[in-house]
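Values in this text are rule-based calculations from the coordinates and carry no lab data. Source: prediction; values computed, not measured. Glycine also receives a Cβ, built like all others from the backbone with ideal geometry; neighbour counts cover every protein chain displayed.
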Amino acid sequence: MEAASHHLTRVLSHGMNADAVISDWPALTSSEVTRVLRHYPQAGAPQRLIWHSPRPFSAGCVMTTSTMDVFVKRHHLSARDVAGLSEEHGFINHLRSRGIAVSEVLTTADGATAMTDGHWTYEVHGVAPGVDLYRDAISWTPFSSRVHAHEAGKALARLHLAAQDYAAPARKAQTLVSSFTIFSQPDPLPALQRYIERYPAIADYLKDRDWRGEAADTLLPLHARLLPYLDELTPLWTHNDWHASNLLWSDRSAAAGVETILDFGLSDRTCALHDLATAIERNVIEWLSIPEGARNVVHPDLLGAMLDGYHLIRPLTARQWMALAALLPLVHAEFALAELAYFHGITRSAQNASLAYDTYYLGHAAWFSSAEGQRLLAHIEQRADQA
């Protein structure tokens, strides 16, 4: 009994609000990691498990070995299989070949980048250089300095330039991938219907909801503003989770640069403006403060610095700035549905499923009609006048 309970040790992870919660998934154990690393010859002999990740959707840890520190990540098979992980590893390896600083994906003795054991899928990365400055930052925590924002903007632009010749198709249907297949279409409702049909858990959740009416009220007016700019949304493989905590930094100062880019779990073929809008949504708006009635949840100084950094490396035209502003209110919608599939279909959390649909999918889009949301969009649109 003791051994079984030890295997199911839980750690504190980041909740969907600003609180710490008991993790959905058991923590990785030394014996489990040792068993996995036997399949990865480069990894060396395991010595000591030194850190558990607080991220909520999977279990992760750092293990010191005889040759290096490795990051081991475990997913439930219902969330990621080997083929699903191989899609993101292909993108990581492409970026690495183009000189972008990403972590090294280790391979098994037979050349695979991921493996299955029981109900779990595992991946192993070499721990990359850099300081994990935002290691304990929860989702939607803003950059702590304008320089960090500027450097992050530059790094994202470089990633987009390096991704231009990566021609892999979009990822297969799976939970927790930030695709862009609904609002990129001239008529999003049929695309939304197809999306829902691909995910039985979403269809089950929405069977008693007027999801067409809710989309028509909240999302379609926003899409109407994006419609004239759909031709600017050139397909491109992108990161899709560009947050300060997914970057390693050159030092601990407010003037640190980006050393390494981490966590391509949400990456897919979207477009550069979708990725840039996601970066704004993740780093500039303190969403978790809004339910508490906080005002001034937007950081225009950080927004300006990040956009300046991006524009320095990959300049945007006037139409692209307008497209970015039009896309921003919709950028989280499709990933919110992916989260709904995960929470309703895998972890079975009614509270988090409601959060994904009512707060993220509908609520975040609706917030952009507020005075503060409108000011943020105007801030971006002003750049079109300067382009």
Checklist entry - Once amide H atoms are placed 1.01 Å from N in the peptide plane, what residues at a sequence separation of 5 or more from Trp51, or on another chain, have their amide H within under 5 Å of its amide H? => result Val62
Next on the checklist: With angles folded into 0 to 90 degrees, how steeply does helix 300-313 sit against the dominant principal axis of the chain? Use alpha carbons for both and round to 10.
Outcome noted: 80 degrees
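Tally Lys/Arg at +1 and Asp/Glu at -1 over every other residue whose Cβ is under 12 Å from the Cβ of Thr238; what's the total? Each step should come with its number before you reach the end.
Working: positive: Arg171, Arg269; negative: Glu88, Asp241, Asp268, Asp275.
Neighbourhood net charge equals -2.
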Next on the checklist: Give me a comma-separated list of calculated 3J(HN,Hα) values for the stretch 161-172, in order, Karplus coefficients 6.51, -1.76, 1.60 applied at θ = phi - 60°, integers in Hz, x for any Gly or Pro.
Outcome noted: 5, 6, 7, 4, 9, 9, 9, 4, x, 4, 5, 5
Item to check | Listed values [x] 45, 24, 19; [y] 31, 29, 19; [z] 33, 25, 20, entry calculated as semi-axes √(5λ) of the Cα gyration tensor in Å | outcome: [z]
Checklist entry - Measuring from a point 7 Å past the Cα of Tyr166 along Cα-to-C-beta, which residues in the stretch 238-260 have an amide N at less than 12 Å? => result 238-241
Checklist entry - For helix 333-345, what angle does its Cα long axis make with the longest principal axis of the chain, in degrees from 0 to 90 and rounded to 10? => result 40 degrees
Item to check | Table column - 3J(HN,Hα) (Hz), the stretch 373-387, Karplus curve with 6.51, -1.76, 1.60, x for Gly and Pro | outcome: x, 5, 5, 4, 5, 5, 4, 6, 4, 4, 5, 5, 5, 8, 6
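Could you work out how much longer the chain between Gln386 and Ser354 gets when fully extended? Use 0.36 nm per residue separation minus the Cα distance between them, nm to one decimal. Before the final figure, lay out the partial values.
Working: separation 32, 0.36 × 32 = 11.52 nm, distance 4.10 nm.
The span from Gln386 to Ser354 would gain 7.4 nm if fully extended.
Gain in length, Thr67 to Ser86, computed as 0.36 nm per residue apart minus the alpha-carbon separation, to one decimal in nm? Walk me through the intermediate numbers first.
Values: separation 19, 0.36 × 19 = 6.84 nm, distance 2.45 nm.
Result for the pair: 4.4 nm of gain on full extension.
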Checklist entry - Where the centre of each part is set by its Cα atoms, how far does the stretch 216-286 sit from the stretch 309-364, in angstrom? => result 9 Å
Next on the checklist: Cut-off 12 Å, label point 7 angstrom out along Cα-to-Cβ of Arg295: give me the residues of the stretch 358-376 whose amide nitrogen falls inside.
Outcome noted: 371-372
Checklist entry - What net charge do the residues around Ser30 carry, taking every other residue with its C-beta under 15 Å from that of Ser30, with Lys and Arg at +1 and Asp and Glu at -1? => result +2
Item to check | For Glu259, distant residues with modelled amide H under 5 Å away | outcome: Leu248, Trp249, Ser250
Checklist entry - Sorted from fewest to most neighbouring beta carbons within 10 Å, what does the list Lys207, Lys73 look like? => result Lys207, Lys73
Item to check | Sites Arg48 and Asn93 - FRET efficiency at Förster radius 35 Å, r taken between beta-carbons, to 0.05 | outcome: 0.80
Checklist entry - What is the distance in Å between the Cα centres of the stretch 32-80 and the stretch 138-166? => result 26 Å
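Ser31 to Ala173: extension gain in nm, 0.36 nm per residue of separation minus the Cα-Cα distance? Intermediate results must be reported in sequence, preceding the final value.
Details: separation 142, 0.36 × 142 = 51.12 nm, distance 3.26 nm.
Taking Ser31 through Ala173 to full extension adds about 47.9 nm, to one decimal.
Which ordering of Ile290, Ile261, Ile92 is given by a fewest-first count of other beta-carbon atoms within 10 Å? Could the numbers behind the result be given before it?
On the way: Ile290 18, Ile261 24, Ile92 21.
By the 10 Å Cβ count, ascending: Ile290, Ile92, Ile261.
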Item to check | 5 angstrom amide H check on Leu28, placed H, neighbours 5+ away | outcome: Gly60
Checklist entry - If we count other beta carbons within 10 Å of each Cβ, what is the order of Leu156, Leu230, fewest first? => result Leu230, Leu156
Checklist entry - On a 0 to 90 degree scale, rounded to 10, what angle separates helix 272-283 from the longest Cα axis of the chain? => result 80 degrees
Item to check | Label point distance in nm, Val147-Arg252, each placed 7 Å from Cα along Cα→Cβ | outcome: 1.5 nm
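Please find the FRET efficiency linking Asp204 to Gln374, where r is the Cβ-Cβ separation and R0 is fixed at 35 Å, and quote it to the nearest 0.05. Can you show the working numbers first?
Working: r = 36 Å, r/R0 = 1.02.
So the FRET efficiency works out to roughly 0.45.
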